[in-house]
Every structure is written in structure tokens, then in C-alpha cells.
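Asker: Just dropping this structure here.
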Amino acid sequence: MESFWDVYIVPWALNIVLALAIFFVGRWVAKQIVNLVGRIMRRSKVDEMLVNFVTSIVNVLLLLFIIVAALGELGVDTTSLIALVGAAGLAIGLALQDSLKNFAAGVLLIIFRPFREGDFVEVAGIAGIVEQITIFNTILRTGDNREMIVPNGGIYSDVITNYSKRETRRVDMVFGISYDDDLRKAKTILMEILKADERVLEEPEPVVVVSELADSSVNFNVRPWVKTGDYWPVLWDVTERVKLRFDEEGITIPFPQMQIHRSESQD
């Protein structure tokens, strides 16, 4: 007849030893896998923040799997435990769906890099310089030095305009002159102003064309190409020089006027 020791103690002791072996060996294997994932991502030049986040998730999932395996070795019914974890994960996912949306968008922004820190962008209706890209939010600094924290979900689901992506930009300006002024003279003056500015690129060649015969003015489209960093200085300087030169040359920049005709029946 088998003793209590043989029936209960020895089998339980073996199960505990096996469970501990599964746990500690599993932890070592999980650590190696996490390190391998991290090295692969870093070699692929993935953002360090994303590397840390992904390796943390992998580590938690592997540890969860190891704990379930160890408990199974002890004879614990892991089916209900797995169902409980799954239900908890679903509940958490539903409660944090907006955060998960921002997280997924943040991962895509970090991977595909539509903009980088220091770029001037317009996202979710906000224009500013990118200060920081995090997993859930992107921090922008506006022209008047306000800090704007924009959820990544709103950024990735909308149009992203990156003004810093290209080395050059075209400055689009419109200037109007009176119908009584010399059109050719005004066009020559506008081109001279552009040619005299060293920041205006020769290629592509700047354009000055008559774009519209408006109600109170003849409008010119003036479109020079500049380096991206010179966009605003050129826009402001050219606008000022055009006004000063037109005044010197007697060219009028008209403004809308309304003529009221008095009816004879009112006399």
C-alpha cells in the first residue's frame, strides 16, 4: 500500500519544481527574446521610444504566457484564467478605445515619419513647429509661442501639411493696379524687385503674369521660388518693396469703391 508521502508529497513536490523551472527558464528565454526584438528594431532605425514600448509589451505577454504555463503544471485550471484575462482585456480596450486609437496613430507617425521634430507643419487645423512626438500626442509650438498638445488620432485621420519637407517653396503673391496705370511698366517693376532680391532663386524662374481683370483692379500673380527658410522674410520684404516702388513710380494700388447715383425722382 502506497504511503501518503508517495501519493501526495512527492507528486506535488515534482510539480512545484517543474513549475518553478518553467517560470525561471521561461523568464530567461523571454528576456533573450525581448533583447532580440529590441536589437532588430534598433538596427532598423526605429524610434527608441517605440522600441521601448514594443519590447515592454512583448515582455508582458511572454511573462503572462509563462505564468499560465507554470500554473497549469501545478494543476490549476487555466481555462477560466485565460477567459478572465481576455474579458478584462476587452473591457480595458473598450474603456480606452480613444487612447488606443491615439497609440496606433502614434506608432504609425513614428514609423512612417510624415514629419520630424523641428518641422513646421499644419495638422488637425493647427500650424506650428513640431517640438516632440510621443506615443499618444504630438506637441507643437505655434508662431506666438503657445504649446499645443494634439492627439495623434486627430493628426493621422486628417490631412498633414509639412512646410519644411521640401528644400524650396513658391511664394504666391497678388498685387493689383488701377486700370489707368501702365500695365507693362508695373510688370517690369515687379520683375525688377524679384531679380534684385538675392534670396529669390533663378531656377525655377520667377513668374509675373496678369491673372485677373477684377472689378476695381488689374491683378498680377507674382510667384518667386525661394529656400524654405526664406519664405516669410521674402513674402514680407517683397510686399513692402512693391508698395514703396509703386508709390515712387505713381502706380496706384486701388481699393474697392462704391458709386451711389441719385435718382432724378428724388430731386
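Derivation of every value follows stated rules applied to the coordinates shown; laboratory data play no part. This one's a predicted model, so the numbers in the text were calculated from it and none came from an experiment. Glycine gets a Cβ as well: all are built from the backbone with ideal geometry, and neighbour counts include every protein chain shown.
Asker: With label points built 7 Å along Cα→Cβ from the Cα atoms of S99 and T161, find their separation and express it in nm.
Answerer: Between S99 and T161, the label points sit 3.4 nm apart.
Asker: Apply the Karplus curve 6.51 cos²θ - 1.76 cosθ + 1.60, θ = phi - 60°, to the phi angles in the stretch 141-157 and return the couplings in whole Hz, x for Gly and Pro.
Answerer: 10, 6, x, 9, 6, 8, 9, 10, 9, 10, x, 4, x, x, 6, 6, 8
Asker: Calculated FRET efficiency, K31 and I149, Cβ-Cβ r, R0 51 Å, to nearest 0.05?
Answerer: The calculated FRET efficiency here is 0.90.
Asker: Would you please state the base-10 log of I(q)/I(0) at q = 0.12, 0.17, 0.26 1/Å for the stretch 168-249, with intensities from the Debye formula using one equal scatterer on every alpha carbon?
Answerer: Computed log10 I(q)/I(0) values: -0.32, -0.63, -1.33.
Asker: I need the shape label for the stretch 114-162. Rule: rounded when a/c is under 1.5, else prolate if a/b > b/c, else oblate, with a, b, c from the alpha carbon gyration tensor.
Answerer: Judged from the Cα gyration tensor, the stretch 114-162 comes out rounded (a/c under 1.5).
Asker: Would you please name the GluC sites (Glu not before Pro) within the stretch 185-244 that are DSSP coil residues with at most 14 other C-beta atoms within 10 Å of their C-beta?
Answerer: E198, E202
Asker: So, with +1 on the Cβ of K and R and -1 on the Cβ of D and E, and no other charges, what is the size of the charge dipole of the stretch 114-162 about its Cα centre, to the nearest 20 debye?
Answerer: Dipole of the stretch 114-162, to the nearest 20 debye: 40 debye.
Asker: Leaving out same-chain residues fewer than 8 places away, which lysines sit with a Cα under 25 Å from that of K195?
Answerer: Partners within reach: K185, K187, K227, K243.
Asker: Next question. Tell me, what is the FRET efficiency for E212 and S56 to the nearest 0.05, using R0 = 51 angstrom and their Cβ-Cβ distance as r?
Answerer: So the FRET efficiency works out to roughly 0.30.
Asker: Quick one: if you stick a label point 7 Å off each Cα along the C-beta vector at F136 and R113, how many nm between them?
Answerer: The two pseudo-label positions are separated by 2.6 nm.
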